[in-house]
Amino acid sequence: MSKLLEGKFALILGIANKWSLAYSIAQAFSREGATLGLTYLGERQKDAIEELSTDLNVSAILPCDVTRDDDLEALTQSLMGLGRPLDAVVHSLAFANREDLTRPFLQTSRSGFLLAQDVSAYSLVAVARAVAPAMTEGGSLSTLTYLGATRVVPNYNVMGVAKASLEAAVRYLASELGERQIRVNAISAGPVKTVSARAIKDFSTILDTIQARAPLRRNTDPAEVADAAVFLASHLGRGVTGNCLFVDAGMQIMGF
Ligand code: IMJ
């Protein structure tokens, strides 16, 4: 079978370690023939990403702290200097202060709220603006979201509000970038045991509940999320923009 991303160049932001959804996505993109650019945050992630990239088809590893405009400007310059159009971008980043994911939402500070919005939602807008000039032949921008954007999930709190903002940003960006044939979508993944999720109180109980109640009676495999990202980045996804695709074993449809 021919590969779905053969000849495409994709940028993936958000690999921190081998459990990252961004890493599963990078593996699936490589399998489908894409050449990858990866970004990292800080020196610790640089080493991790260099090690992980050895069995991937990686042509560029670039620093990018999405809260720094300088980094984003440098990202644009690096991409423009590669001499080939960028076809796909995956944004798989989020951060909130840990105490804002344990205290009551009512106690969220202004600075904690703004930090979550900056890293987890505004960053999509900033990344879209930084990468669009390199997407000269159109392309696909996908981000990762979670059910807590639209439903109340215990402890998700300030991240839920940030994901709501992210999902709205997907629609506004899709509307504006459509004329350049750039599609913008979100993938709403069911809970996956990443390092981000392990820190969460009662995470095992959440996974058990999904296994018992989700239509597919199991949890979400990162490889399923990655394959949905392949679809969106590929020719097969050409008619899909401004959308949120749930890859969650069906959990999202359940009322009880
Ligand atoms: C996060 C918090 C509460 C409940 C949660 C999650 N559930 C799931 C997550 C049910 C699945 C994971 N998730 C979808 C996230 O978006 C996580 C974001 C996150 C996690 C941390 C932990 C460590 C930290 N800051 C964080 N910022 C964002 O210091």
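What follows draws every value from the coordinates through simple rules; no lab data is involved. Here the structure is a predicted model, which means the values were calculated and not measured. Here Cβ is always computed from backbone atoms with ideal geometry, including for glycine, and neighbour counts include all displayed protein chains.
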- Query: What residue, among those in the stretch 201-210 that are closer than 16 Å to Leu101 by Cα and surrounded by 14 or more Cβ atoms within 10 Å (Cβ to Cβ), is farthest from the ligand (Cβ to nearest atom)?
  - Reply: Phe203
- Query: Tally time: how many residues in the stretch 69-100 are within 16 Å of the ligand (Cβ to nearest atom) and within 21 Å of Ile187 (Cβ to Cβ)?
  - Reply: 7
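Per-residue answers, yes or no, for (1) farther than 25 Å from Ala16 by Cβ; (2) more than 16 Å from the ligand (Cβ to nearest atom); (3) surrounded by 14 or more Cβ atoms within 10 Å (Cβ to Cβ); (4) not polar (S, T, N, Q):
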residue	(1), (2), (3), (4)
Ala168	yes, yes, no, yes
Ile187	no, no, yes, yes
Pro191	no, no, yes, yes
Ala214	yes, no, yes, yes
- Examine the stretch 142-157 for a residue that is crowded, with 23+ Cβ neighbours inside 10 Å, over 14 Å from the mean Cα position of the chain (by Cα) and within 16 Å of the ligand (Cβ to nearest atom), and state whether such a residue exists. yes
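Pick from Arg180, Arg198: which is away from the ligand (no atom under 16 Å from the Cβ) and basic (Lys, Arg)?
Arg180
Tally up the residues in the stretch 83-104 that are buried (at least 16 other Cβ atoms within 10 Å of the Cβ) and either of a type outside the set (S, T, N, Q) or under 16 Å from the mean Cα position of the chain (by Cα) (or both), please. Spell out how you get there, then give the answer.
Step one: list which residues in the stretch 83-104 are buried (at least 16 other Cβ atoms within 10 Å of the Cβ), which gives 86-97, 100-101, 103.
Right, trim to either of a type outside the set (S, T, N, Q) or under 16 Å from the mean Cα position of the chain (by Cα) (or both) and you get 86-96, 100-101, 103.
Residues flagged as buried (at least 16 other Cβ atoms within 10 Å of the Cβ) and either of a type outside the set (S, T, N, Q) or under 16 Å from the mean Cα position of the chain (by Cα) (or both) within the stretch 83-104 amount to 14.
Being aliphatic (A, V, I, L, M) and over 15 Å from the mean Cα position of the chain (by Cα) is the filter here; which residues of the stretch 202-256 pass it? So that I can check it myself, show each step before the final result.
Here is the first cut: in the stretch 202-256, the ones aliphatic (A, V, I, L, M) are 206-207, 210, 212, 214, 216, 223, 225-226, 228-230, 232-233, 236, 240, 245, 247, 249, 251, 253-254.
Residues satisfying the conditions are Ile206, Leu207, Ile210, Ala212, Ala214, Leu216, Leu236, Val240, Ala249, Met251, Ile253, Met254.
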- Message: Go through the stretch 5-45 and report how many residues are among the polar types (S, T, N, Q) and assigned to a strand (DSSP E or B).
- Response: 2
